[in-house]
1. Got a number for residues in region 39-74 being touching a residue at least 40 places away in the same chain (Cβ under 8 Å) and not hydrophobic (A, V, I, L, M, F, W, C)?
2. Restricting to region 62-97, give me the number of residues that are of a type in the set (Asp, Glu) and either within 22 Å of residue 4 (Cβ to Cβ) or out of contact with any Lys or Arg (no Cβ under 9 Å at 6 or more places or on another chain) (or both).
3. Would you list the strands (runs of 3 or more DSSP E) that sit entirely within region 7-85 and hold 2 or more residues that are modelled with pLDDT of 90 or more and surrounded by 12 or more Cβ atoms within 10 Å (Cβ to Cβ)?
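The values are calculated or read from the model by the stated rules, or taken from the named source; none is laboratory data. For clarity, every value in this text was computed on a predicted model and none was experimentally measured. Every residue, glycine as well, gets a Cβ built from its backbone with ideal geometry; the counts of neighbours run over all protein chains shown.
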Amino acid sequence: MQTELDLRFEDADGGYSVKALFKSPTTNLVNVLGQPPTLDRWRTATLFVAGDIGIVYTDPSLPWWKARLARCVRPTSGALTIRRRCLREFGQAEPTWVVDCMVPGVRSPRSLRPLRAASTDVASQILMHHAVLFAHFPALGPGQQT
């Protein structure tokens, strides 16, 4: 599971996987790397930076996801994929788990160009500029892991 974490806690085991989802209707949730692509492979809390939704916290242990796992997460030969539509539905049903934010280059038609940074760098920038999230990661800098 350690390889699934993009942001790691310094003082405890665990952390978050971070995924960017800008235009595609799906994205890889877990790369299975030759293992069977079963739904129980999703074990890590995940932060999605979804350009048209915001930052979405997802966790396979949340009741909403447990009830909709088979519909929202699809096994493929190399990964488990998750549907953008389900992230949006989750955000509408459970707004507590969504941080509305503007992702440069995605939601603003006048922005210069879409971001092409790695998901960890994007997450670092968002966490540093959003007071509620930053309170949990005060020493975080661009490209760093907690």
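1. 7
2. Residues meeting the conditions: 1.
3. Correct list: 54-58, 73-75, 79-83.
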